[in-house]
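J.: What follows is a structure written as structure tokens; I'll ask about it next.
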Amino acid sequence: MDILVLIGRILFAALFLGSAVGHLTQTKAMAGYASSKGVPQAYAATLVSGLLIAVGGLLVLLGIWADLGALLLVVFLVPTALLMHPFWKESEPQVRQMELVQFQKDAALAGAALMLFAFFSFAGDDLGLTITGPLFDIS
């Protein structure tokens, strides 16, 4: 099972690490998009969210307090779904559908990250192929 969890961690973290690179290397462009969505202090929010998903993704990937990493990703995903993809505000059907899909993607990823948080916290030190055990204990 350890190798399956490792493969899952790699696949899951890759999405966030790739996004973090975009947030941190294309900050101005991404902040412009965030600003167009009404995000306050869009430049700072883009930098902070980039750091948040970079740290969260690395913690999950490396297995260093992977439970905390998963929780950090939830902290990123829930506001992102609500602020960046408010499909309920769109009147044009194609735009509304696109935003709905992105909202559902972020909500599903938040759910998966919450499950990872619970999984890592519950499994504790029994989960192999990690550098540290969990920070939290919910057993």
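J.: Identify, from the list Phe16, Phe12, Phe117, Phe103, the residue that is modelled with pLDDT of 95 or more, farther than 30 Å from Ser139 by Cβ and of a type in the set (Phe, Trp, Tyr).
T.: Details: Phe16 fails: farther than 30 Å from Ser139 by Cβ; Phe12 fails: farther than 30 Å from Ser139 by Cβ; Phe117 fails: farther than 30 Å from Ser139 by Cβ.
Only one candidate qualifies: Phe103.
J.: State the number of residues belonging to the range 79-88 that are in contact (Cβ under 8 Å) with a residue 12 or more places away in the chain and farther than 18 Å from Met30 by Cα.
T.: 1
J.: Here is a further query. Does the range 35-69 hold any residues that are touching a residue at least 60 places away in the same chain (Cβ under 8 Å) and surrounded by fewer than 18 Cβ atoms within 10 Å (Cβ to Cβ), and which are they?
T.: So the first thing to find is which residues in the range 35-69 are touching a residue at least 60 places away in the same chain (Cβ under 8 Å), and the list is 62-68.
Leu62, Ile64, listed by residue number.
J.: Of all residues in the range 5-34, which are of a type in the set (Lys, Arg) and either under 17 Å from Val74 (Cβ atoms) or surrounded by 14 or more Cβ atoms within 10 Å (Cβ to Cβ) (or both)? It would help to see each step written out before you state the result.
T.: Of the residues in the range 5-34, the ones of a type in the set (Lys, Arg) are 9, 28.
If the condition is that a residue be of a type in the set (Lys, Arg) and either under 17 Å from Val74 (Cβ atoms) or surrounded by 14 or more Cβ atoms within 10 Å (Cβ to Cβ) (or both), then Arg9 is the only one that fits.
J.: Restricting attention to the range 73-86, does a residue exist that is out of contact with any Lys or Arg (no Cβ under 7 Å at 6 or more places or on another chain) and farther than 22 Å from Thr46 by Cα? Spell out how you get there, then give the answer.
T.: Pass one, the range 73-86, residues out of contact with any Lys or Arg (no Cβ under 7 Å at 6 or more places or on another chain): 73-82, 85-86.
This time we only want the ones that are farther than 22 Å from Thr46 by Cα, so: none.
Looking through the range 73-86, none of the residues is out of contact with any Lys or Arg (no Cβ under 7 Å at 6 or more places or on another chain) and farther than 22 Å from Thr46 by Cα.
J.: Considering only the range 41-71, state which residues are over 12 Å from the mean Cα position of the chain (by Cα) and within 13 Å of Ala14 (Cα to Cα).
T.: Passing the criteria: Leu61, Leu62.
J.: Tell me, please, whether a residue that is crowded, with 20+ Cβ neighbours inside 10 Å, of a type outside the set (S, T, N, Q) and at positive phi can be found in the range 84-97.
T.: Looking for residues that are crowded, with 20+ Cβ neighbours inside 10 Å, of a type outside the set (S, T, N, Q) and at positive phi, one finds none in the range 84-97, hence no.
The values are calculated or read from the model by the stated rules, or taken from the named source; none is laboratory data. From a predicted model like this one, the values you see are computed outputs, not experimental measurements. No Cβ is skipped: glycine too gets one built from the backbone with ideal geometry, and neighbour counts run over all protein chains shown.
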